[in-house]
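Trainee: Got a structure for you, written out below as structure tokens; questions coming shortly.
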Amino acid sequence: MIQEFADLGSQFIWLSIPFSALSGWIFTSMEKIGEATENPFEGSANDIPITAMSRNIEIDLLEIINEPHQLKPIKAINSILTYKRIIHFAKIFKNNEEWIASKLKSNPDYFKELSKGQTPEVLYIGCSDSRVTAEDLMGAMPGEVFIHRNVANMVISIDLNAMSVINYAVRHLKVKHIIICGHYECGGVKASLQQSDLGILNPWLRNIRDVYRIHKDELNAIANEQDRFDRLVELNVQEQAINVIKTAVVQEAYRDRGITVSGWVFNIRTGKLIDLNIDFPKVLEDIMQIYRLI
Ligand code: CO
């Protein structure tokens, strides 16, 4: 038997899991320890029997399977258990085979058609954060969105990578819309709010500190730290959208075919996509006096 104890203030819980049931799994943390109950709760998850002294426990289980086999998500009993999966290298290739099979099942020519070329109408610039999966949150299919992701969805004028993506998407793919998408709880934005030397990340995050400086009156007036963090995420999106507008290719595409630039925030706490409704023509007018290139 494995017994784990957690002592959180006056709350005391225990749970026991037969060791044999844990082969292939390790559990990494127990969270949200609830009120201890007199009667032990007995349940199971994915055939792992659990006994616990509280009905309100969350346990993170890490999958550590080397040999991939059929894994069903844990069906929580009384919503007690959650688990985390770490995607395993061998499993990735198996997933890929399953994905190919499912695509071919609905359309035998799926990959033949996919290989013909791309004509996406949208360029999406978002954060590299693993939780903000661009296609998923937009319901986009392969071929529909040209995507660039980096730490904190930045558009920096001397970043050859981002500038090449914008240039290629606008001039060659002729996208009609450019979206800058930030997200709440962004680690990059959060890091820029803290006093710490992050090495090579310093010059990158410095650009977010500059956003703070430009908007410091508004941000400093926000007393609640979380609200200030959220607002900086939004303002960073706005400033990166402006950075997009500062490029010659986008100014040219706006003049010739009315390309649009939008700023969005993905609310990671609810899943909702929020349009910041940046007044593109007005922003353009405001900054053109200084940034007009064509
Ligand atoms: Co982020």
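Read the figures in this text as sums done on the coordinates, not as results from a lab. Bear in mind that the values here come from a model prediction, so they are computed numbers and not experimental data. Heads up, the Cβs are rebuilt from the backbone with ideal geometry, glycines too, and the neighbour counts pull from every protein chain shown.
Trainee: What share of the DSSP beta bridges in the stretch 118-291 is antiparallel, in percent to the nearest 5?
Mentor: Details: 4 of 22 bridges.
In the stretch 118-291, DSSP labels about 20 percent of beta bridges as antiparallel.
Trainee: Given a Förster distance of 25 angstrom, what is the FRET efficiency for LEU114 paired with LEU293, based on the Cβ-Cβ distance and rounded to 0.05?
Mentor: Taking R0 as 25 Å, the efficiency between LEU114 and LEU293 is 0.10.
Trainee: Moving on to the next point. Can you list the HN-Hα couplings for the stretch 135-140, worked out from phi with the Karplus curve (6.51, -1.76, 1.60; θ = phi - 60°), rounded to whole Hz and with x for Gly and Pro?
Mentor: With coefficients 6.51, -1.76 and 1.60, one gets 5, 4, 6, 9, x, 8 Hz.
Trainee: Let me ask something else. So for each of 146-152, 163-169, 271-277 I average, over its residues, the number of other beta carbons within 10 Å; can you give me the resulting order with the highest mean first?
Mentor: 146-152, 163-169, 271-277
Trainee: So, one more: Using Cβ contacts closer than 10 Å as the measure, can you line up SER196, SER106 from fewest to most?
Mentor: Fewest-to-most Cβ neighbours within 10 Å comes out as SER106, SER196.
Trainee: If you wrap a convex hull around the alpha carbons of the stretch 118-291, what volume per residue comes out, as a whole number of Å³?
Mentor: 118
Trainee: Along the charge dipole of the stretch 97-231, pointing to its positive end and built from +1/-1 on Cβ of Lys, Arg, Asp and Glu, which listed residue (ALA191, ILE158, ILE208) has its Cα farthest out?
Mentor: Of the options given, the answer is ILE158.
Trainee: Would you grab the residues whose amide H sits under 5 Å from the one on GLY126? Only those 5+ places off in sequence or on another chain, please, with H modelled 1.01 Å from N.
Mentor: HIS148, ARG149, ASN150, CYS181
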